[in-house]
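Since the structure comes first, as structure tokens, the remarks are kept for the end.
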Amino acid sequence: MNPAAVIVVTLTLSLTSHVTCFPYLHGGLRAEDGTPLDTVASDLSDRLTKMTAQLQSQDTLITDLKTRLASVLTPAVVFTATFSRADIRGLDDQQVLKFDKVLTNVGQGYSPETGLFTAPEHGTYIFNVHVARHPSDTENCVEVDLYRGLQHHVTTASSCAINDTWASKMAALQLEKGDTVHVQMRSGDLLLGNLHTSMSAIKV
């Protein structure tokens, strides 16, 4: 056979072999099922975009749930206040008790300067008033009143019997933002201070 003819036949067989191995080469790169690779890449990109959006949405949801859980576990408003000294003397009837030792004041609703608790937000609040008679005064009554605002009398903690050394009262109040609550004397002029006489509240 003519050497030139052999070369032509060899080249022809070689090209035929490449076309057989890569049947879609002349139409662009394709996947095994014949789908163009640029179409496959575009589809994968769309899926990745959707998955990223879903993950971001879930992350936002998790953050929101954490915030709600924290608000449930940690009361937004709670306070406890008592006196910094043991002897509380010279008290007058209707005098507002100014508990000057603040143990807790989440929400900053209580003011030791005025003795008033001002509701920082609308809601239901549980108040507790605890009053202790001074050991040197066993004959006179010690009574304190819980007031909402200046006129609305809520309840009275009273220690009058000889064997009574303390009294405690609790009340649930529905307050609007800005409403005030305080404790004032009803009778007696001497109290046992420190942690023995106190006022507390928590928003539920």
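Rule-based calculations on the coordinates, nothing more; no lab input. Everything numeric in this text was worked out from a predicted model, so none of it was measured. Cβ: placed from backbone, ideal geometry, glycine included. Neighbour counts: every protein chain shown.
For the stretch 168-175, the condition holds for no residue, the condition being that it is outside any loop (DSSP other than H, G, I, E, B), in contact (Cβ under 8 Å) with a residue 60 or more places away in the chain and either surrounded by 17 or more Cβ atoms within 10 Å (Cβ to Cβ) or in contact with a Gly (Cβ under 9 Å, 6 or more places away or on another chain) (or both). Looking at the stretch 104-158 only, could you name the residues that are buried (at least 17 other Cβ atoms within 10 Å of the Cβ), touching an Asp or Glu at 6+ places or on another chain (Cβ under 6 Å) and closer than 14 Å to residue 186 by Cα? Matches in the stretch 104-158: 158 only. Residues in the stretch 30-55 that are of a type in the set (Lys, Arg) and outside any helix (DSSP H, G or I): 30 alone.
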